[in-house]
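Report on the following structure.
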Amino acid sequence: MQRLLTLTAALACALAATPAYAHAFLDHAIPAVGGTVTGAPRELQLTYTQNIVLAFSGVRVAAGNGSPVPTSKPRLGAPNELVVKLARALKPGTYVVSWHVVSVDTHHTQGTYKFTIAP
Ligand SMILES: [Cu+2]
């Protein structure tokens, strides 16, 4: 009986720990998170640690002063990658990218990061 209780407790701990790693976290982006690029990028690529559901995922881009930068609707560059085209050539400066995704495990995650275009 004691052995059964110990096994059940261990299993519960293992299961409780698993979901945290199963979400879709931003693995890397192009332009890079916190990176500086020369020349205006034509599109942004956001790659996640898990496959995502495009219908419930999105990206917003804003200039440093908060003004929104128009983009295309997001598309999947790969099952775990969001791609948006920038509607115009960005001027030098720092930009804020806000994203939200729903992963194939149905969990929702979101975040923001910055990148800079050098003068
Ligand atoms: Cu999850």
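From the list Arg88, Arg60, which one is more than 14 Å from the chain's Cα centre (by Cα) and charged (D, E, K, R)? If you could, list the steps in order and put the result at the bottom.
Details: Arg60 fails: more than 14 Å from the chain's Cα centre (by Cα).
The match here is Arg88.
Give, as residue ranges, the strands (runs of 3 or more DSSP E) completely inside the range 59-119 that count at least 1 residues that are within 16 Å of the ligand (Cβ to nearest atom) and in contact with a His (Cβ under 7 Å, 6 or more places away or on another chain).
On the way: elements: 75-78, 81-85, 93-103, 108-118.
In the range 59-119, 93-103, 108-118 are the strands (runs of 3 or more DSSP E) which contain 1 or more residues that are within 16 Å of the ligand (Cβ to nearest atom) and in contact with a His (Cβ under 7 Å, 6 or more places away or on another chain).
Give me the residue from the range 47-57 that is farther than 22 Å from Ile117 by Cβ and not aromatic (Phe, Trp, Tyr) and, out of that set, surrounded by the most Cβ atoms within 10 Å (Cβ to Cβ). Steps first, answer last, please.
Initially, the range 47-57 is screened for residues farther than 22 Å from Ile117 by Cβ, giving 48-57.
Still in the running and not aromatic (Phe, Trp, Tyr): 49-55, 57.
Values: Thr49: 16, Gln50: 18, Asn51: 15, Ile52: 26, Val53: 16, Leu54: 14, Ala55: 7, Ser57: 21.
Ranking the qualifying residues of the range 47-57, first place goes to Ile52.
Quick one: Ala78 ticks every box in (1) of a type outside the set (Lys, Arg); (2) open to solvent by less than 50 Å² (accessible area, probe 1.4 Å); (3) touching a Leu at 6+ places or on another chain (Cβ under 9 Å) bar one, so which box is it?
(3)
Could you identify the single residue in Asn80, Asn65 that is polar (S, T, N, Q) and in contact (Cβ under 8 Å) with a residue 24 or more places away in the chain?
Asn80
The values are calculated or read from the model by the stated rules, or taken from the named source; none is laboratory data. If you're wondering where the values come from, they're calculated on a predicted model, not measured in any experiment. Glycine also receives a Cβ, built like all others from the backbone with ideal geometry; neighbour counts cover every protein chain displayed. Just the protein is used for accessible areas: all its heavy atoms, side chains included, with ligands, DNA and RNA removed. Shrake-Rupley method; radii C 1.70, N 1.55, O 1.52, S 1.80 Å.
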